[in-house]
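**Student:** So that we are looking at the same thing, I have put the structure below in structure tokens.
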Amino acid sequence: MASTDKINLKNSPKHHYVRTTLSSLLGSLALALIIISILVVWVDHTLTSTAAYTKTVAPLATSPDVQAFVVDKASGVLLDNSDAPVRDIATQLLGEDKVVGKTDEQLKAEVTPIVKENLTKVVSSPAFDTLWAHNNRDIHAQLITQLKSDSPVVQLNFHPLIVGVIDQLA
């Protein structure tokens, strides 16, 4: 009986190191491809669906950095606008008596903080959230068009958003 209890090492199967290594590598590759495909499907869904895109970028309207960007751009457009000279804006905001005898640069320096303060109030309001969502639907259409083109550069037009913010000042 002692002879049957012994393990016969000569007849046991050999360990296949090459097969084990290859299967490990192929398993890791399959896992990596699954993760990449999930990411690609998510990006495709988020970028091509207007509703998903708008939902993704909607919280940016309350971001202080985005609000500061919009305030800076809107104040620049407003104060550098040839259709509404700084003198006219200063007259409305400061009064006729405080405008007399000052250069456009002096007026611009006085008016800029007032304009930025008022613009900050606008971008902090719930109306800006609505404006942001509406304009991002339009921006999404631009984005899809540019991504489908052969252009290496993607340009987004935020001008309607800036004009909308300025219109809310009135």
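The values are calculated or read from the model by the stated rules, or taken from the named source; none is laboratory data. Only a predicted model underlies this, so the values are computations on that prediction, with no experimental measurement involved. Glycine gets a Cβ as well: all are built from the backbone with ideal geometry, and neighbour counts include every protein chain shown. Heads up: the accessible areas ignore ligands, DNA and RNA and are worked out on the full protein's heavy atoms, side chains in. Shrake-Rupley method; radii C 1.70, N 1.55, O 1.52, S 1.80 Å.
**Student:** Take the conditions modelled with pLDDT under 85 and in contact with a Lys or Arg (Cβ under 8 Å, 6 or more places away or on another chain) and apply them to Val86. Does it pass?
**Tutor:** Against the criterion (modelled with pLDDT under 85 and in contact with a Lys or Arg (Cβ under 8 Å, 6 or more places away or on another chain)), Val86 qualifies.
**Student:** I would also like to ask the following. Can you pull out the residues in segment 90-124 that are over 21 Å from Ala68 (Cα atoms) and assigned to a helix (DSSP H, G or I)?
**Tutor:** Selection gives Ala90, Thr91, Gln92, Leu93, Leu94, Glu96, Asp97, Lys98, Asp104, Glu105, Gln106, Leu107.
**Student:** Give the residues of segment 125-165 that are of a type outside the set (Gly, Ala, Ser), assigned to a loop (DSSP other than H, G, I, E, B) and over 19 Å from Ser63 (Cβ atoms), sorted by residue number.
**Tutor:** Asp150, Pro152, Val153, Val154, Gln155, Asn157
**Student:** Considering segment 125-162 alone, what residues qualify as being within 14 Å of Phe69 (Cα to Cα) and open to solvent by less than 70 Å² (accessible area, probe 1.4 Å)?
**Tutor:** Of everything in segment 125-162, those that are within 14 Å of Phe69 (Cα to Cα) and open to solvent by less than 70 Å² (accessible area, probe 1.4 Å) turn out to be Phe128, Trp132, Phe158, Leu161, Ile162.
**Student:** I've got another one for you. Mind telling me which of the residues Leu47, Leu39, Leu26 ends up being over 28 Å from Asn136 (Cα atoms) and either modelled with pLDDT of 85 or more or surrounded by 10 or more Cβ atoms within 10 Å (Cβ to Cβ) (or both)?
**Tutor:** Leu26
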